[in-house]
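These notes concern the structure reproduced below.
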Amino acid sequence: MDYFDLNSTPLVGTLGAHGFIDDMRRLPAIDSQASFNEVCRGICNIWRKHYPEGRGATSSEFERLSGRIAQGAIEKQVIQTSWGGVVVTRYQHPDVEKYLVVRQGGFLALEKHAEKDELVEVKEGAGILLWRNGGEPMLAVHVLQPGDSFRFKPQVEHCVIGTEDLLLFERSTDPQGMDQDLQFIYTPAEE
């Protein structure tokens, strides 16, 4: 069983987040599929409570990519998911470039990769990133806003939460093939 406490210390001094941090500290540890889903939904609820008008915005690009996903899956090009979907813009093994279109309230699995090295850029919207390197005892909590970028080396555990509509662009080197080395720790519950 994997066990994760949240470290909200990285939020101190950002977004006027004191009440947000206090509420985050009341969330349970992640130690099961149920608690993972409870924490991710709780983060979305806390965000709406503290930022009812929102903090991010999306453009017609988010809508265009959402529309493309809604038209249906296309192998190695468009992937529909419970949280939104993926639009692949370039795949030339081992290099992959793709958009992750995360709807408000959606969240990706808490996951890691055996060999994949990825750089993720926040293009539009707002969200939360949970992540930790293998040796760290807690998941760090970071606010995602346009212009941010994060690099996930192999074995780095991470989860993206769309507290608002969120558009990410990922560039990765994926030696085993697109997401073939993906290791799920906890996944979103089917609604």
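Quick note: the coordinates plus some simple rules give every number you see, no bench work behind them. The model shown is predicted, which means the values in this text are computed figures rather than measured ones. Note: ideal-geometry Cβ built from the backbone for every residue, glycine included; neighbour counts use all protein chains shown.
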Treating only Lys and Arg (+1) and Asp and Glu (-1) as charged, each at its beta carbon, one finds that the chain has a dipole about its Cα centre, in Debye to the nearest 20, of 340 debye
Checking rank on 30-40, 171-181, with mean other Cβ inside 10 Å and highest first, the result is 30-40, 171-181
When the charge dipole of the chain is computed with +1 on Lys and Arg Cβ and -1 on Asp and Glu Cβ about the Cα centre, the Cα farthest towards its positive end, among 145, 79, 32, belongs to 145
In a Gaussian network model of the chain with springs linking alpha carbons closer than 10 Å, the residue among 106, 67, 125 that fluctuates most is 67
For the range 1-52, shape from the Cα gyration tensor axes a ≥ b ≥ c, cut at a/c of 1.5 then a/b versus b/c, turns out oblate
Taking 95, 5, 23, 165 and counting other beta carbon atoms within 10 angstrom, the fewest-first order is 95, 5, 23, 165
Helix 60-70: inclination vs the chain longest Cα principal axis, degrees, rounded to 10, gives 70 degrees
The set of residues whose placed amide H lies less than 5 Å from the amide H of residue 7, leaving out same-chain residues fewer than 5 positions away, is 139, 140, 141
In degrees, nearest 10, the alpha-carbon axis of helix 33-50 is tilted away from the dominant principal axis of the alpha carbons of the chain by 70 degrees
Of the candidates 45, 108, 66, the farthest towards the positive dipole end of the range 1-117 (Lys/Arg Cβ +1, Asp/Glu Cβ -1, centred on the Cα centre) is 66
